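The block underneath contains the structure these notes are about, expressed in structure tokens.
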Amino acid sequence: MYHVSLANYTNDTLSVSLGNHPNNAIEVDSLSFVQQSLRSKKSSRVIRLQNLTEKTQPAISLSTRHKWDSRRFGCQLIDSKNSSYNVYRIATAKKHITFVIFPKRNLTSFLADMPSTLPLSSLMLPGTHDSVAFYGWPISQCQESITPLPVQFALGIRIIDVRLAIINGVLISYHGLYPQRLPFLDIIQQVHDFLTSPEGKSETIIMSIKQEDIGAVLFSKLVHDAVLNGPGGRDTWFLENRIPTLGEVRGKVVMLSRFGGDGEGWEGGLEGMGIHPSTWPDSKKDGFEWWLKGTKVRTQDWYVIPSFLSIPEKAEKASQILLQQSPSPPYPVLSISFFSAAMFPLALPHVVACGFGMPSLKLGVEGVNSRVVKWLLSVFSQAGMMGTTNLSSAEKDPSDSESEMETKLVQWTTEPRLRGWCMVDFFTHPVETGLVSLLIECNYWGRKAGEEGWE
């Protein structure tokens with residue numbers, strides 16, 4: 001059976017085993033950037049990728065003419081606790097497996113690596129849909145109870161989607177018909193604690209606020225009072241109706257107001273309620289667009305899907321919107337994408353996000369989260385394929401048969417540019433795919449001086 005797994009790790013060397021033979025491996029170390037084909041026994045192949053810096057990101061493409069179908073291995077972020085690299089393994093064809101290797105980022109403060117001149121529209125920001133919906137399984141729950149807001153922030157979440165209702169005169173988190181128990185002031189406190197911490201002072205949190213009940217005037221007043229009188233006070237918030245630069249909002253909360261009213265009681269009216277969408281049609285399948293002070297906002301929030309059979313189409317629409325338009329338009333573009341969807345009883349939130357069964361064996365359905373990971377990896381690896389280097393005939397062992405592996409070293413020649421704000425259900429699942437870390441990695445790619453506010 002064809003098997004791929006990590007063999008050895010040190011801080012400087014990463015070894016990926018391609019079979020049972022100990023010499024059949026890929027190694028990554030930090031000496032120089034070369035390719036070698038080493039011979040010891042039949043079927044052995046070692047590729048060394050050395051001096052692996054942040055901007056010499058390789059993808060390793062391994063093709064094998066083997067009787068086993070490699071697609072059963074699916075997509076996986078291979079455990080790498082002792083390494084400084086993340087290794088993604090993806091079966092890209094029937095007998096083709098690709099490894100994509102990235103340096104590990106500090107998820108808790110990754111925005112510290114970004115220049116302050118960047119507008120938030122030119123970042124890839126992971127977020128959670130219904131961020132505090134920890135109760136009401138299987139209909140209302142959208143996140144695991146073991147991932148409260150502090151955990152989400154530490155794992156790289158920078159957008160939270162807060163749904164509220166008025167209970168006995170107090171704003172309480174709510175999702176649909178199910179109370180989520182957490183008071184709005186407690187949510188603000190947890191956000192404030194993170195943004196004032198040593199790790200969080202370089203970060204920003206976008207907070208989308210949506211009303212889950214009726215009574216728009218009272219709801220707007222209660223949100224206003226909580227913003228002004230809650231932890232941190234007014235200075236904690238960015239309340240202008242425009243896309244700020246990162247430098248303007250480090251250590252601050254950016255409000256995205258999805259609640260009604262005419263702005264009464266807010267300083268500046270509707271212009272003082274943070275980013276305020278001019279339209280938000282309900283579950284429009286093909287998405288919609290609106291303008292915000294010269295920025296085109298493309299939004300994909302199709303959530304009423306007929307059943308789990310629509311998961312592939314949902315994943316495609318949610319991911320394609322993250323691609324930058326070509327040619328680039330003469331105005332900034334912000335893409336907002338919800339990976340979430342739900343419809344009782346055949347498309348429950350967990351089913352849509354995580355799938356069910358064993359899809360790699362065609363005994364189940366793959367969820368949106370892992371489908372998006374596969375799509376992201378395919379974008380990265382396809383961009384790298386333009387620089388593919390095949391082993392020369394001189395490097396190949398003449399004794400190799402048709403059943404042997406052909407190893408290709410891929411160096412990046414075209415960097416993909418993926419940007420957007422993404423809202424995810426059950427964001428840590430499937431555990432083995434590492435969705436959030438891959439979304440964060442997009443921020444380090446496709447950057448050119450003078451473009452997108454990049455210095």
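The values are calculated or read from the model by the stated rules, or taken from the named source; none is laboratory data. What you are looking at is a predicted structure, and each value in this text was computed from that prediction instead of being measured. Neighbour counts run over all protein chains shown; Cβ positions are idealised from the backbone, glycine included.
Scanning the range 211-243 for residues that are closer than 27 Å to Lys201 by Cα and modelled with pLDDT under 95 yields a count of 0. Going by the conditions given, is Val170 of a type in the set (A, V, I, L, M, F, W, C) and in contact with a helix residue (DSSP H, G or I) (Cβ under 7 Å, 6 or more places away or on another chain)? When the stated conditions are applied, Val170 does not pass them.
Inside the range 356-383, can you point out the residues that are of a type outside the set (A, V, I, L, M), in a strand (DSSP E or B) and more than 28 Å from Gln324 (Cα to Cα)? So that I can check it myself, show each step before the final result.
Restricting attention to the range 356-383, the residues satisfying the condition of being of a type outside the set (A, V, I, L, M) are 356-357, 359-360, 362, 364, 366-367, 369-371, 374-375, 378, 380-382.
Filter again for in a strand (DSSP E or B), leaving 356-357, 364, 366.
Across the range 356-383, the qualifying residues are Phe356, Gly357, Gly364.
Residue-wise test of (1) free of Cβ contacts under 8 Å to residues at least 12 places away in the same chain; (2) surrounded by 20 or more Cβ atoms within 10 Å (Cβ to Cβ); (3) within 18 Å of Met423 (Cβ to Cβ); (4) touching a Cys at 6+ places or on another chain (Cβ under 9 Å).
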site: His129; (1), (2), (3), (4): no, yes, yes, yes
site: Tyr135; (1), (2), (3), (4): no, no, no, no
site: Phe153; (1), (2), (3), (4): no, yes, yes, no
site: Ile166; (1), (2), (3), (4): no, no, no, no
site: Leu171; (1), (2), (3), (4): no, yes, no, no
site: Gln189; (1), (2), (3), (4): no, no, no, no
site: Ser208; (1), (2), (3), (4): no, yes, yes, no
site: Gly215; (1), (2), (3), (4): no, no, no, no
site: Leu218; (1), (2), (3), (4): no, no, no, no
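Is it true that Gln211 is closer than 24 Å to Glu264 by Cβ and among the polar types (S, T, N, Q)? The answer is yes for Gln211.
Taken over the range 187-205, residues that are closer than 19 Å to Leu125 by Cα and of a type in the set (Val, Ile, Thr) amount to 3.
The residues in the range 262-309 that are in a strand (DSSP E or B) and of a type in the set (Phe, Trp, Tyr) can be counted, and the count is 3. Taking the numbered list (1) out of contact with any His (no Cβ under 8 Å at 6 or more places or on another chain); (2) surrounded by fewer than 22 Cβ atoms within 10 Å (Cβ to Cβ); (3) closer than 28 Å to Ile139 by Cβ in turn, Cys354 passes all entries but (1).
Leu323 - would you say it is closer than 30 Å to Gly364 by Cβ and modelled with pLDDT under 95? Yes: the conditions hold for Leu323. Out of the residues in the range 175-185 that are modelled with pLDDT under 95 and crowded, with 18+ Cβ neighbours inside 10 Å, state the one that is nearest to Met423 (Cα to Cα). Here the answer is His175.
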